[in-house]
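> Below is the structure I would like to discuss, written out as structure tokens.
The values are calculated or read from the model by the stated rules, or taken from the named source; none is laboratory data. Quick caveat: nothing in here was measured; it's all calculated off a predicted structure. We place every Cβ from the backbone using ideal geometry, glycine too, and count neighbours over all the protein chains shown.
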Amino acid sequence: MHQISDTNSAQKVCRILRVLSTPKPLRLADISDGSGLNKATTLRLIETLMSEGFIHRDPTTKCYSLGDEALVLGMAMQGRDHIRDRVRPFLVQLAAMSGDTLLLSTRHGLESVCVDREFGTFPIRANYLDIGSRRPLGAGAGSLAILAWLPDEEVETVLNLLEPVFKKRYPRITCELLKAEIALARERGYAMLLDVVIDQMGGISVPILGSDGKPIGAISVAALSQRISTRLSLLVPALKNAGLQLSANYAQREAA
């Protein structure tokens, strides 16, 4: 977690671009709130980024999204060894096996970001998380799996920092609830949240660990809560096997 500077313009630009790395166009107020900058500063930096092509403003809705130059940066990353490439076969296989939505999440500071998704064949889909969607750590099964496998001191720090966010955006989530779920996740080897973020929907997830034992991502099944709770004997072994294979893969890669 970085120390936020009040005077570092480059850091402010990065915070604005990070907020905009979501599929949904945002209003100025949303960007200001998400970046922690006042509206005047946010607008000034946005106008500069627009002139350079990194941000686009819809003339009708007055909302902002990433521009073509940001797309070029993303395309420049193609061909790099990315976690999505390694996890994608597992997402496809697990989606076919379960019939449900599979998600890959990675950690970015105090948030988890959905970086890949694969739909299964079941007609009721968990489509509330798009690629690029962000959630605070703990608000969802994938982000809970990442949080649960962090060191205890880091978990405590993250929860203290996110407590105001939970109160504002996720009234059902409390630090006490998450501490209990973290203990259960470590005991069971998987994280699960049902009917907490969205009614009748939930998720079950396992972490992908690096060579240091810390999570670098998480694979989740998102579905109707009943489909998860009644099929644990099917979902848990499959997810654990995928998590173990991917964790071992990354440990070997980092040790080479």
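> Scan (1) within 25 Å of residue 227 (Cβ to Cβ); (2) outside any strand (DSSP E or B) for the single condition residue 135 breaks and write down its number.
Condition (2) is where residue 135 drops out.
> Give region 209-229 a look and list any residue that's outside any loop (DSSP other than H, G, I, E, B) and over 19 Å from the mean Cα position of the chain (by Cα), or say none. First the steps, then the outcome.
Within region 209-229, the first condition is being outside any loop (DSSP other than H, G, I, E, B), and the residues that meet it are 209, 215-229.
Matches in region 209-229: 224, 225, 226, 227, 228, 229.
> Going by what's in this entry, would residue 206 be described as under 20 Å from residue 233 (Cα atoms), modelled with pLDDT of 95 or more, β-branched (Val, Ile, Thr) and in a helix (DSSP H, G or I)?
Details: under 20 Å from residue 233 (Cα atoms): yes; modelled with pLDDT of 95 or more: yes; β-branched (Val, Ile, Thr): yes; in a helix (DSSP H, G or I): no.
Spelling it out, it is not the case that residue 206 is under 20 Å from residue 233 (Cα atoms), modelled with pLDDT of 95 or more, β-branched (Val, Ile, Thr) and in a helix (DSSP H, G or I).
Let's see how each residue does on (1) more than 15 Å from the chain's Cα centre (by Cα); (2) free of Cβ contacts under 8 Å to residues at least 12 places away in the same chain:
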site: 134; (1), (2): no, no
site: 142; (1), (2): no, no
site: 148; (1), (2): no, no
site: 152; (1), (2): yes, yes
site: 169; (1), (2): yes, no
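> Among the residues of region 169-190, is there at least one that is acidic (Asp, Glu), surrounded by fewer than 16 Cβ atoms within 10 Å (Cβ to Cβ), out of contact with any Cys (no Cβ under 8 Å at 6 or more places or on another chain) and not in a helix (DSSP H, G or I)? Show your work before the answer.
We begin by selecting, within region 169-190, every residue acidic (Asp, Glu); these are 176, 181, 187.
Filter once more, keeping what is surrounded by fewer than 16 Cβ atoms within 10 Å (Cβ to Cβ): 176, 187.
Now narrow it down to the ones that are out of contact with any Cys (no Cβ under 8 Å at 6 or more places or on another chain): 176, 187.
Filter once more, keeping what is not in a helix (DSSP H, G or I): none.
No, that holds for no residue.
> Quick check on region 70-81. Is at least one of its residues in contact (Cβ under 8 Å) with a residue 60 or more places away in the chain and of a type in the set (Val, Ile, Thr)? First the steps, then the outcome.
Pass one, region 70-81, residues in contact (Cβ under 8 Å) with a residue 60 or more places away in the chain: none.
There is no residue in region 70-81 that is in contact (Cβ under 8 Å) with a residue 60 or more places away in the chain and of a type in the set (Val, Ile, Thr).
> Pick from 166, 122: which is of a type in the set (Phe, Trp, Tyr), in a helix (DSSP H, G or I) and either surrounded by fewer than 20 Cβ atoms within 10 Å (Cβ to Cβ) or on the phi > 0 side of the Ramachandran plot (or both)? Don't jump to the end; show me each part of the working.
Working: 122 fails: in a helix (DSSP H, G or I).
The match here is 166.
> Next question, about the same structure. Could you list all residues from region 16-49 that are surrounded by fewer than 19 Cβ atoms within 10 Å (Cβ to Cβ) and in contact with a Gly (Cβ under 7 Å, 6 or more places away or on another chain)?
Result: 21, 23.
> Name the single residue, out of those in region 210-256 being farther than 20 Å from residue 93 by Cα and of a type in the set (A, V, I, L, M, F, W, C), that is modelled with the lowest pLDDT. Can you show your working first?
Step one: filter region 210-256 for residues farther than 20 Å from residue 93 by Cα, giving 210-216, 225-226, 229-230, 251-256.
Keeping just the survivors that are of a type in the set (A, V, I, L, M, F, W, C) gives 216, 251, 255-256.
Numbers: 216: 93, 251: 61, 255: 55, 256: 52.
Filtering first and then ranking leaves 256.
> Here's a check for you: in region 79-112, which residue that is within 14 Å of residue 205 (Cβ to Cβ) and under 14 Å from the mean Cα position of the chain (by Cα) is surrounded by the most Cβ atoms within 10 Å (Cβ to Cβ)?
The residue in question is 105.
> Cβ contacts < 9 Å: first residue assigned by TED's automatic domain parsing to the domain that holds residue 156, restricted to region 171-185; second residue surrounded by fewer than 15 Cβ atoms within 10 Å (Cβ to Cβ) and of a type in the set (S, T, N, Q), any location; separation 6+ or different chain. Result?
These pairs meet every condition: 175/160.
> Only one of (1) surrounded by fewer than 17 Cβ atoms within 10 Å (Cβ to Cβ); (2) part of a loop (DSSP other than H, G, I, E, B) fails for residue 154. Which number is that?
(2)
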